[in-house]
Every structure is written in C-alpha cells, then in structure tokens.
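Input: a single structure, listed below in structure tokens.
Derivation of every value follows stated rules applied to the coordinates shown; laboratory data play no part. These numbers come from a predicted model, not from an experiment. Ideal geometry is used to build each Cβ from the backbone, glycine not excepted, and the neighbour counts take in all protein chains shown.
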Amino acid sequence: MNAVNASGWRPSMGEAGQAGVPATSSGDYGLMLEEPLSFELGADGKCGVDIEDADRAPMGGLSKFLRKQMPDLPGLTEPETVRHYTRLSRQNYAIDLGPFPLGSCTMKHNPRLNEKMARLPGFADVHPLQPVSTVPGALEVINELAFWLIDLTGMHGVAMSPKAGAHGELCGLLCIRAALDARGEERHIILVPESAHGTNPATAAFAGFTVRSIPATPEGRVDLEALKASLGPDVAGVMITNPNTCGLFEPDMKAISDAVHEAGGYVYCDGANFNAIVGKVRPGDLGIDAMHINLHKTFSTPHGGGGPGSGPVVLSEALAPFGPLPFTARTADGVVHLVEEENASEFDHTQSFGRMVAFHGQMGMFTRALTYILSHGADGLRQVAEDAVLNANYVLRMCEDVLPAPFAKSGPCMHEALFSEAGLAEGFSTLDIAKGLIDEGFHPMTVYFPLVVKGAMLVEPTETESKAGLDRFIASLRSLAERAKAGDESLHSAPHFAPRRRLDETQAARKPVLVWQG
Ligand SMILES: *Cc1c(COP(=O)(O)O)cnc(C)c1O
C-alpha cells in the first residue's frame with residue numbers, strides 16, 4: 001500500500017546481512033525490530049481501555065448521537081500500542097542520538113536543565129485563561145526573556161507571540177504594512193535576495209506584497225549596487241538574511257539599511273542565523289527594523305519532532321508602536337503588566353496591528369530559552385557564537401580539498417560550511433552523498449539549498465559537537481566524496497543499512513498516501 005516504500009517491509013540490514021547467513025524467520029534482525037502499521041497489527045474487538053457497553057451506559061439526552069458504526073480505529077491493547085510507537089521511535093534519528101548537521105536549521109543540543117525548569121509545576125501547569133493576577137511569575141519570565149532579546153539585539157522592543165520563524169516574518173511584515181498605512185503610503189514591493197530561505201518570499205506574498213528578487217555577487221553576498229538600483233517609491237522594504245544562507249556575514253548590511261531607509265523603506269532581517277553572531281553583533285546597530293529570532297535555533301529549545309518553534313520579533317523604534325498585542329511591560333513600580341486591547345492606551349500602544357495568536361506565544365519555549373540564556377550568561381552566549389563559527393570553519397577547511405567550497409576563498413565562513421557537488425563523477429550528485437551519510441550513521445546535511453549553488457550541501461555542526469565528533473563526521477564526508485568522485489556505483493542505491501532503502505521523496509511529498517486501505 002505504500003507507494004514510496006522501495007524495499008517492502010523487510011529491513012535492509014537483513015538483505016545486507018548475507019555472507020551465507022540465512023534470513024531470520026521473524027523478519028526482525030538483531031534487536032532492530034520490523035514494524036507493521038498499527039492497522040495491520042490490530043484486530044477487531046481489541047481495545048486498550050475498558051469502555052462500558054453503549055446500551056448499558058447512562059446516555060441522558062445523548063442517545064440520538066450514538067454511532068451507527070464502529071469508528072475506523074486499529075484495535076490494539078495498551079502494551080501493543082506502547083510497543084508499536086517505541087519500535088517506530090527506534091527507527092528515528094534524533095539530536096539525542098548523534099549530530100544533526102542540517103545547515104540553517106541549527107540543530108543543537110537541548111540542555112536538560114531547560115527541560116527541568118519548563119517542567120516545574122508553576123510554569124508547566126499555568127493556563128492561559130487564568131486571571132492575570134495569579135500568574136506574575138509567568139509574566140516575569142516573558143518579560144525577562146524579552147529584556148534579554150532586546151539587549152542582545154540592540155533593538156527597541158520585541159513581539160513575543162509569534163510561534164515560529166516564518167510566523168515572525170509575517171509579524172514583521174505586518175508591522176511594516178501598519179507603519180506604511182500610518183504614513184498613508186501604498187508601497188507594495190518587498191526585495192528579497194536570491195539566496196533567501198523559501199519562507200521569505202512566501203511570507204511577503206502572504207502579507208500581500210509583490211516579491212522582487214535581488215541577485216547575489218559571485219562572492220555569495222547581496223549585490224549592493226543591484227539592490228540600490230531596485231529601490232524606489234514602490235518599495236516597502238527588504239528581507240535580508242544575515243548571516244546569509246551561504247554561511248557568510250553581509251558586510252554591507254549598514255549600507256543596505258541606510259539606502260533602504262533613505263528610499264523610505266524598512267529593513268527586515270531574517271535572524272534564523274543569529275547563532276553565529278549572538279553576543280558579537282547587535283542587529284540594531286546595523287539599522288535593522290525587524291528581525292525574528294528562532295528560540296528553537298539560537299536558544300536551544302527543541303524542534304523538529306521534539307517541540308514547537310517560537311519566533312519572537314525584535315523591533316526598531318520606528319516599528320515598535322505597531323507591534324502585536326498582547327505583550328508585557330514593567331512599570332516604574334517594578335510590576336510586570338500584561339498589555340492587551342483594554343489597557344493598550346495606558347501603555348501608549350494604540351497603533352498595534354492586532355493579534356497574531358490567541359494568547360502569549362510558546363510559554364514552554366520561553367521558559368527553556370530563558371534558562372539557556374541565564375545558564376550561559378552574556379559571556380557564555382558570546383562563546384556559543386565563537387564556537388559555532390570555529391566548528392563550521394573546521395569542517396570547511398578539513399573537507400574543501402575533496403568537496404569544492406564555492407565561497408571559501410572569500411575568507412572564513414560563519415556557523416555553516418557550504419559545499420557543492422561540482423567535481424563528482426559523471427552521474428553522481430549531492431543526493432548520493434546525503435544518502436551515503438545515513439549508512440555512516442549521520443543525519444544528512446541540508447541539501448540543494450541555498451539555490452544559488454548547484455547541488456548545495458550546507459553543513460552546520462553547531463557549537464555543541466566535540467572535536468572528536470566532528471572528526472568522525474569529517475572522515476565520513478571525505479570518504480563519501482572520494483567514493484562519489486571514483487564513481488562507486490553502490491552509492492547510487494544508498495542507504496543500504498537503514499531500515500528503509502532509497503525512497504522516492506518527491507513522490508511521497510506530492511502524492512502522499514494518508515489513508516490506510518486494508
Ligand atoms: C529556519 C529558518 C526559517 C524559518 O523558521 P521556522 O521557525 O522554521 O518557521 C527562515 N529562514 C531561515 C534562514 C531559516 O533557517
């Protein structure tokens with residue numbers, strides 16, 4: 001039933017197990033257990049909970065809602081259910097198992113201290129509809145984190161409620177729209193560099209702007225002259241990622257901001273790569289008007305399958321009056337207040353564009369991020385950036401002789417190393433290297449992004465990998481590059497040792513099979 005499953009349900013470890021060893025009769029191999037779908041495991045009439053028969057249960061006036069048919073759920077006992085999901089989880093890869101070198105995603109270790117703090121009942125059990133007077137501690141956490149984010153970025157204010165980086169982009173652009181409305185101007189173009197993350201143009205289009213692309217220089221940076229030439233009375237602003245997605249700092253950032261401001265526009269910075277510059281550079285000093293911070297990247301809160309994102313947006317003095325409600329504010333008496341529609345005028349915040357979410361944002365992530373910040377301190381955060389950049393440069397310099405690094409001549413990279421597939425044997429590509437890494441026990445790096453490099457491989461080791469760990473990764477990457485250069489055909493069918501072989505991911509994304517048909 002699964003169109004993308006090239007190898008059937010048998011683990012490929014078994015297929016590769018060969019050398020005269022017969023296949024197992026169970027279909028399991030060693031302690032790696034094969035797992036059917038829950039529907040295939042389940043049987044009619046089995047149930048994990050003790051539910052009273054419907055005709056004996058007191059129905060009150062609800063009997064007219066009684067189901068005519070059984071729901072289409074797999075019949076599993078509790079131990080079968082627990083084992084099913086635990087077995088599946090063993091086929092997953094996680095940051096707690098090994099490096100996750102996804103460039104731009106900043107998959108760093110999630111410190112256990114963060115988890116401990118977030119689970120304290122006073123934080124974990126608060127409800128967003130509790131009276132404000134009963135949650136001063138939660139407001140204090142939000143306000144303290146807001147203070148740090150403003151301080152680290154040198155900005156004027158922060159909107160804490162956006163729930164991810166892309167949501168933060170939307171928040172920033174809605175602030176820009178509100179500011180333009182207040183000026184009575186109808187600017188509709190947002191300039192976005194070619195190397196931008198896909199969310200940037202998508203957000204601009206979603207917010208009702210027209211996207212115009214700006215080219216990159218051969219050195220992988222924004223082409224300042226081309227940008228200046230695109231500015232005009234129609235331009236609402238730019239969205240620039242800094243450090244950019246080629247892993248490079250944009251040294252012209254201040255000049256870009258000045259030019260955009262002079263032309264009457266605003267500067268949005270995609271701050272997903274803040275990990276490389278936290279404690280080193282303050283975006284506010286570069287003339288930025290709005291920037292999202294991915295707490296799940298720079299500030300170590302879990303992401304991917306592990307937790308929701310959180311994307312607070314720091315704002316300049318020009319945009320802060322338009323930021324969303326609610327937010328927290330400390331008054332002169334030291335009390336942290338919640339500013340909402342009812343009391344916005346007392347806090348001089350009547351120009352807000354409105355709300356992005358029902359409540360305050362990702363409270364659990366605020367607690368984790370603040371724990372991370374306080375446990376590192378200002379000096380520790382600076383070291384985070386330094387070590388992240390050092391680790392990326394180590395990978396870059398240790399691999400550039402076997403994998404071309406298109407921008408490495410421009411100098412050191414920031415927190416991620418970018419390679420290209422140029423120079424691999426005919427017919428070999430980035431995909432072969434990425435799939436080969438799975439056999440080597442590593443999650444692949446980001447591939448085919450940024451689009452400005454053909455067959456891009458973007459490796460972000462983060463500061464949390466040790467030198468020994470980096471050396472193991474580098475040895476694997478080098479060995480795969482050498483095999484792909486030598487035309488080793490076996491790479492085309494990698495991974496060979498994973499529970500599943502090479503899948504048709506495009507087909508799976510375009511035509512997902514989401515319904516089980518038994
Ligand atoms: C991760 C990322 C985003 C989007 O952030 P989400 O939290 O995933 O929505 C945007 N831009 C860049 C450069 C990123 O790396």
Rounded if a/c is under 1.5, else prolate if a/b beats b/c, else oblate: with a ≥ b ≥ c from the C-alpha gyration tensor eigenvalues square-rooted, which is region 113-369? prolate
For the chain, what does the alpha-carbon gyration tensor say about shape, rounded, prolate or oblate, given a ≥ b ≥ c as the root eigenvalues, a/c under 1.5 as rounded, and a/b over b/c as prolate? oblate
Any helix of the chain counts here only if DSSP assigns it H throughout, its Cα atoms span 30 Å or more along the axis, and its mean Kyte-Doolittle hydropathy is at least 0.0, and such helices are 363-399
Quick note, region 383-510: a/c under 1.5 would make it rounded; otherwise a/b > b/c is prolate and the rest oblate (a ≥ b ≥ c, C-alpha gyration tensor); here it is prolate
Compute and list, largest first, the equivalent-ellipsoid semi-axes of region 32-150 from the alpha carbon gyration tensor, each √(5λ) rounded to a whole angstrom. 40, 29, 12
Kindly rank 276-288, 63-75 from highest to lowest mean number of other beta carbons found within 10 Å of each residue. 276-288, 63-75
The exposure ranking of TYR268, TYR29, fewest beta-carbon neighbours within 10 Å first, is TYR29, TYR268
Report the relative contact order of the chain, percent, no decimals, based on alpha-carbon pairs under 8 angstrom and at least 6 residues apart. 20
Can you give me the C-alpha center-to-center distance between region 109-126 and region 463-518, rounded to a whole angstrom? 34
Peptides ranked, highest mean first, by Cβ atoms within 10 Å: ranges 455-464, 226-235, 197-206: 455-464, 197-206, 226-235
Work through the residues other than MET291 whose Cβ is under 10 Å from its Cβ and net out their charges, Lys, Arg +1 and Asp, Glu -1. -3
Net charge near THR199, counting Lys/Arg +1 and Asp/Glu -1 over other residues with Cβ under 11 Å of its Cβ? -2
Under 14 Å from the Cβ of GLY304, count the other residues' Cβ atoms, weight Lys and Arg +1, Asp and Glu -1, and hand me the total. 0
If Rh is defined by the Kirkwood formula over all Cα pairs and Rg also comes from Cα, what ratio Rg/Rh do you get for region 42-111? 1.26
DSSP beta bridges in the chain, what fraction antiparallel, as a percent rounded to 5? 50
Using the count of nearby Cβ atoms within 10 Å as a rough guide to exposure, how do LEU424, LEU381 rank from fewest to most? LEU381, LEU424
For the chain, what does the helix formula give at 222 nm: sum of -39500 (n - 2.57) over DSSP H segments with n ≥ 4, over the residue count, nearest 500 deg cm²/dmol? -10000 deg cm²/dmol
